[in-house]
Amino acid sequence: MKPEHVVSAESGGDSVAAVLGETTQPAYQLSADGDIAWWNEQFASVVGYTDEELSQLDAPDLFSTDAWDRFEARLTGSDETTYWTDKIDMVRKDGEQCTHHHTTSLSRNGDGETLTGIVSVADEDLPRAELLKTVQLATDRVIAAKTREEIEHALCETLGNAGLYRAVWVGEERDGRLEAVAAAGPETVSVDAFAGEWTSADEARPALVTAQTGRISTIRDIPNSEHPDGPREFTADHGFHAGCSVPLVADGMIYGVLTSYTDTSDRYGQLEETLLTQLGRVAGLAIGSVQTERLMLSQPRIELELRLKSDTVPVVRFAKETGATGEREGMTQEENGTTVQYYTIEGAAPERIVTEMENTDNVRSARVVDADANLYEVRFAESAAGMLLAAGAETRRIELDPDGVTIVATAPEGTDVREILDRIREIYPETELRAKRTLSERGRRDQPAWPDSTELTDKQTEMVEAAFEAGYFEWPRDVTAEDLAERLDISAATLHYHLRRAQRQLVEAYLD
């Protein structure tokens, strides 16, 4: 049967055991006499054998002659290489040869040398550019979403419609079970049915394990795995061969699980797992943000208006020089404290804007997201918005004009405003408190008084009318933002930009 422990080693044994204990990649250990000393479930899935069958095999049964000759030379010392990465040919149970990158190293124990290998089963064949583009698009949509439901559907629709996955779904843990709340892809209906296949086996369900532990779960070659017959047969019938579940997590809070399935077993290498994990963190932060906003709006609030005019801040100085104007569109916060903010800035060349942002001491990086929509991403090591958030306040608006920067935030009654100002002035010494207002209950009038004009631009009016007529505001939507943007012959980012600004002005008109 499958060995219970990683082979220990006098040199580097603890670190080897730690790596093998954490990796979700296929891994194995070989001894100099050709024994397969240890393997994990992922390795068994790649070669198509059960644990019982693997325990009866020797290394030359699994590896090509050339591969085993190289392994043997290093195990016996005739080749003194101790660490290397190379393409290795293996022979599966069905007789087919599979080739993957193996990262291997040597360590010594009481019985001699042990070779440890970790297999990268997917990244070399992965359409990297397409995956990176899809994950970035999903990130942008998650950030633009206004509710938890929109965030969950944005994840599924973006990944599920990209052609990279057989199915994608988001689940939330309820009473010890995981329930699907959003799904997309060619096999959407099958995903819901798949959830029903797990009854008494629910405790072993990888997605549920992820929901309870916050750790990624990856299964390759699902039809030949050791999971219950019902789910295995169901996945085989519907073309699910590999699956990966990542947590939607932020600040230790697990909000749900994002699960995807592919129609091939050789997927979910290190790059893909890393990108999906990062996407799960962004979604977790976004969900936490909208829930915090909902809670904040239910409590008595004060409104603070801050003004920053110092020429020592590069972005303020450059706005004065160029006449540039801008507005923050959204923000997320990463686990290390970095705040990622999105701005629309007009009146200056994109290269100049990025350069001035990056010249600011507290900015880690800046990039153009969509030049047509004048949309930029700025990553702050420290920021006024981040400090306001840490103090329990929420930044409602940040605007850049040729005279400086205006920040409007709301905070619970009783907030120590002086403490907030002192913290912000550590970064921006000349920050001024322009106004402090107590907010009354808003938006609860029996007959809301609308102004005669909402002051929408012609372009905003055109976008809102087109979106309404196309069913964009329906739930579920009758048309995606991409399809609507294509009809209007503009980019999706430009459409989002105009709709967000129009919606904000309409809501402000309703609440004022």
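Readers should treat all values here as calculations from the given coordinates under stated rules, not as data from a laboratory. Keep in mind that what you see is a predicted model, and the values were worked out from it rather than measured. All Cβ positions, even for glycine, are placed from backbone atoms using ideal geometry, and neighbour counts span all protein chains on display.
Orientation-averaged projection of the range 458-511 equals 3.7 nm² [convex hull of Cα atoms, one quarter of hull surface area].
Of all lysines in the structure, those lying under 30 Å Cα to Cα from residue 93, and not within fewer than 8 positions of it along the same chain, are 2. Rounded, prolate or oblate: which fits the range 301-439 when a ≥ b ≥ c are the square roots of the eigenvalues of the alpha-carbon gyration tensor, with rounded for a/c under 1.5 and prolate only if a/b beats b/c? Prolate shape, in that a/c is at least 1.5 and a/b is the bigger ratio. The listed peptides 243-249, 263-269, 485-491, ordered by packing as a protection proxy, come out as 243-249, 263-269, 485-491 (highest mean of other Cβ atoms within 10 Å first).
Kindly identify the range 206-343 as rounded, prolate or oblate by the Cα gyration tensor criterion: order the square roots of the eigenvalues as a ≥ b ≥ c, call it rounded if a/c is under 1.5, otherwise compare a/b with b/c, prolate if a/b is larger, else oblate. The partial results should precede the final answer.
Values: a/c = 3.89, a/b = 2.30, b/c = 1.69.
Prolate is the answer for the range 206-343, as a/c is 1.5 or above and a/b outweighs b/c.
Hey, what does the equivalent ellipsoid look like for the range 317-396, semi-axes from the Cα gyration tensor as sqrt of 5 times each eigenvalue, largest first, whole Å?
On the way: eigenvalues 96, 32, 30 Å².
The answer is 22, 13, 12 Å, longest axis first.
Rounded to 0.05, the FRET efficiency of the residue 50 and residue 474 pair, given R0 = 41 Å and the Cβ-Cβ distance, is 0.25. Whole-Hz Karplus values for the range 31-43 come out as 9, 5, 8, x, 6, 8, 6, 7, 7, 10, 4, 5, 5 Hz, taken residue by residue from phi with 6.51 cos²θ - 1.76 cosθ + 1.60 and θ = phi - 60°; glycine and proline positions read x. Ignoring lysines fewer than eight residues from residue 309 along the same chain, the ones with Cα atoms less than 28 angstrom from its Cα are 320, 436. For residue 369, what residues show an amide H to amide H distance below 5 Å, using hydrogens built from the backbone and excluding near sequence neighbours? Those lying under 5 Å, H to H, from residue 369 are 375, 376, 377.
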